[in-house]
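Single-structure report; data block below.
The values are calculated or read from the model by the stated rules, or taken from the named source; none is laboratory data. Not measured: the values here are computed from a predicted model. Glycine gets a Cβ as well: all are built from the backbone with ideal geometry, and neighbour counts include every protein chain shown.
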Amino acid sequence: MSDVVPENTPVIEKTKVEIRPETPKPPLIPKPEDDNAVSKLAENLGAQEKADEVREALEEEKEPYKDSTVLEKLRRRKEQDLPLKIAFLDIDSTLSGNPKEAVKIRELLDEKGYVVFFVSSRTEEMTMSKAEYKKSVELGLERPAPKLAVGEDGKKIEAFPDEVEDFAGLYDADGVAAATGSRIFLRQQSGGYEEDKGFTQKMKQDSTEFRQRTMDILNRIDPKHSLFVLSPVDNSQNFEQNITDVESPDFRVQLNFQPSTAEQVVETTGATDAKVSATEGQKQTELQKKQETERRIRALLEDPGIDAETKNYVRNLKITDDSNPDKGKYSLYLTPLHGSKERAVDSTLEQLSQRLNADFRDFELFMAGDSWPDVAMGLYAGRSAKVDFFVALNSRLTTPLTETEIRSFAGQKLPLLSRFFPREEGVIDFKRPSPLDSGGQRINRERTVYIGDKLFPQASTAPQSVRQFIETKL
Ligand SMILES: [Mg+2]
């Protein structure tokens, strides 16, 4: 009697309803990497809360500092009442370009008891040997292998720094603050690098979201990209097509403000007076474009037509200048607010001092760099530690740091000149007011800045000046 099911019965309706989740899906934002073990446990337990607990426990186990070479080396020094020495080193134009010197620098720092951190615009995988990279992948690193070699056709070929002569001395440090300080990795005693995920969380978003939203902002302030050119590394296709050596950084977008082709010829052919004056005009144009880009990004905050969420995003955006005004090359890095060399160094120091139960004053930090992103690190990072900041030979910072009438760099203002106290040729004390900390002790805000061009004018390359500094001053 009820065999015949009439059309449009509730059963069919129900089926329709079940099929229906064709409602528009929210945009797909990949979750931060899921730990397989955690997902499996979640399935078995069938309870999200339980899985979260397990995740926390596992994260704790994977605590990146616990078995790091940094902590192990510093712990041994602490047991012997020796100062806790860390070198925070920029790579490009500080250590690069002279592999023999770079190797020597690493040996010297090791002899003198320093653990070594690279604090670089390079991405993390660029600073790992093949063996360390492979182990890091096993530990969860998700970056594709770098292509550091170049074939006869000019295309990039997969190769690691230990396979390319120019990279000698520039890999396998104890730690890396990569991509302009937007990610931190600690080398493990058992091999491989573990990410400091607590630091990555301070970026407040995942990489996909960061890159997408940054591109949205850029399209909004300059739809035709008439002011800037995206760095080639920021286009993933370039990596796939073997044009760039690494995949786009997770938390950094680079904008270039480039002179015309004609001007690039001038750059490489050396300058006569006439050419220089032509170049100066072009330089001015590029500088203005850079400044206009910065202005437009900031202006979004005042724009009543911009929604609150976008404004929040802009507030969490850090703009770092990496220009080389002498060459008329201007560039900006966009990172999350917390992604900077200065913050990366301070975060590392905090983590280490907690785990060593050491005061910041127990640390002796040696920092070296050559460009604007290194200034904030060299002048402000380091808490109350003793800090020596070496500005490498041929640095674009030399003039603004030593010639008092030049108060700015690529349109960026240097810190108050009144805080610089020249001690002797090439040695400057940098002093800021020293407030009291919560324990009533004065926070040391002084450090010494050393200028490579003044101290080692006979050196032939930046790394040679760094080596001479380590030999004679550390
Ligand atoms: Mg550099």
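On the stretch given as the range 183-214, residues that are modelled with pLDDT under 95 and outside any helix (DSSP H, G or I) total 5.
Contact annotation: no residue pair with Cβ atoms under 9 Å, 6 or more positions apart or on different chains, pairs a residue in the range 366-382 that is over 13 Å from G181 (Cβ atoms) and not assigned by TED's automatic domain parsing to the domain that holds A344 with a partner that is of a type in the set (A, V, I, L, M) and within 11 Å of the ligand (Cβ to nearest atom).
Among residues of the range 110-123 that are over 13 Å from F185 (Cβ atoms), those with a Cβ under 6 angstrom from a residue that is within 14 Å of the ligand (Cβ to nearest atom), sequence gap 6+ or separate chain, pair up as S121/T180. Being of a type in the set (S, T, N, Q) and assigned by TED's automatic domain parsing to the domain that holds L74 is a condition met by at least one residue of the range 158-181.
Candidates in the range 367-391 are the residues that are more than 16 Å from the ligand (Cβ to nearest atom) and in a strand (DSSP E or B); of these, the one that is farthest from F118 (Cα to Cα) is K386. Taking the criterion of being assigned to a loop (DSSP other than H, G, I, E, B) and modelled with pLDDT of 95 or more, no residue of the range 253-284 qualifies. Counting only residues that are polar (S, T, N, Q) and either touching a Phe, Trp or Tyr at 6+ places or on another chain (Cβ under 6 Å) or modelled with pLDDT under 90 (or both), the range 354-408 holds 5 of them.
Scanning the range 127-150 for residues that are under 15 Å from I184 (Cβ atoms) and among the hydrophobic types (A, V, I, L, M, F, W, C) turns up M128, L139, L141.
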